[in-house]
Every structure is written in C-alpha cells, then in structure tokens.
Amino acid sequence: MGGTLSKEVTERIRGIRLLIFDVDGVLTDGKIVYTDGGVEIKAFDVRDGHGIKLVMRYGMDVALITARRSSVVDHRAKDLGIDLVYQGMKDKLKAFDEILEKKSLKPADAAYVGDDIIDLPVLKRVGFSCAVSDAVDEVKGVVDYVASKPGGGGAVREICELILKAQSKWDGIVRGYLHR
C-alpha cells in the first residue's frame, strides 16, 4: 500500500487532467446512517475535501460517480464546487464516457479512485487507477496505486497530494501557504 510508483506510472500521472471519485467507501467510510426520521447522514473528511479543492485550484477537473442517490452527495459536491456529479449510476462506465465527451478528454487523461467491484470497468480504462486501503481485494489487485489510508479517512487527500507531487505542483502549493 502506498509506496513507490514506477517511472511509467509517474509519467501517466503527469498527464492527468480529470480526477474522478466514487463516493461511498472512498469519500466516506462506506457507512450509511439513517436518523429515526429517515434522513441519511454521511461523514466526510475535511482534509480529503481540501485535497480536492487543491487539485481543482491547480487546474484539474473533478467528478463524482456513485451508484446510489443521496442529497447528501449533492450538498458535499456543491460545498466543494464539483459540478460533474453522476448519481444512481449502476453502469459507471456510461457516466465515465459522458464525462470524457463533455470535457473532450481521452481515458488516459483521467484518474479514478474506487473501492468495490462496481468500479472495476472504469478502473481498467483510466490513465491512473487508485484504491483506498480498505477496498476489496479484486480492486486492489488491478489498480496502479493503493492508498495507505482508508476511504473517508485520508485516502483521497493522499491521492490528491500524490498527483500534485507527480505533476510538480505540490512544492509551490506549500510555499504559497508559507508566504501568506
């Protein structure tokens, strides 16, 4: 998990212009909580959110593709400024193709972070595929990178930083915060 990337994978990361996330199990820990009134509650990691904001601020498009539908996801996406939100997508490849067409990108221009077998078709097509540390074994077995942290617990931030570092943007970001 985590660890050193090959030169070939690092080179592919340099060309990434779109970062796509699954939601349940990636942006969250995968738990779904309902109140007595039937209101759905999800918890999101603030550092993961900051990582997403950083990749967006430094020129990358971000999208969410999730098999479930939840107004909580709409709220989180709006909070982060993510416009490309695809919910209720049992066929995530269809959403992936729509996003590529909308943004005039190729599969090699995209990275995807997933955790379960429904994510496999997209993970096999992108330029850089990632999994959270608590992803199912079938996903961890096919991706380019497995985060050292779990879904909803820092994996997204780790992957955002990894991409920004491979694209030689991270040091400038840190310097920007040091000189404020």
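Pairs to check: 53/94; 7/149; 31/149; 140/169; 53/165. Give those whose C-alpha atoms are more than 21 Å from each other in this structure. Check vs 21 Å cut-off fails for 53/94; 7/149; 140/169. Label positions at residue 31 and residue 106, each projected 7 Å from the Cα along the C-beta direction, are separated by 4.4 nm.
The label-point distance for residue 98 and residue 79, in a model that sets each label 7 Å from Cα toward Cβ, rounds to 2.4 nm. As a proxy for reagent exposure, 145, 86, 177 were ordered by neighbouring Cβ count within 10 angstrom, fewest first; the result is 177, 86, 145. Of 56, 89, the sequence from fewest to most neighbouring Cβ atoms within 10 angstrom is 56, 89.
Around residue 145, under 11 Å between beta carbons, what's the net of Lys plus Arg minus Asp minus Glu among the other residues?
It works out to a net charge of 0.
As a rough footprinting exposure proxy, the listed residues 134, 48, 91 were ranked by other beta carbons within 10 Å of their own, and the order from fewest upward is 91, 134, 48. Between residue 168 and residue 50, the contour length at 0.36 nm per residue exceeds the alpha carbon distance by 40.7 nm. Among the listed values (i) 16.3; (ii) 19.7; (iii) 18.3, the one computed from these coordinates for Kirkwood radius over Cα pairs in Å is (i).
A Cβ-based charge dipole, computed about the Cα centre of the chain with Lys and Arg at +1 and Asp and Glu at -1, lands at about 680 debye.
Relative to the present Cα-Cα distance, how much length would full extension add between residue 57 and residue 40 at 0.36 nm per residue of separation?
The residue 57-residue 40 span can extend by a further 3.1 nm.
Bear in mind these aren't lab numbers, they're just calculated from the coordinates by the rules spelled out. These figures come from a predicted structure and were not determined experimentally. We place every Cβ from the backbone using ideal geometry, glycine too, and count neighbours over all the protein chains shown.
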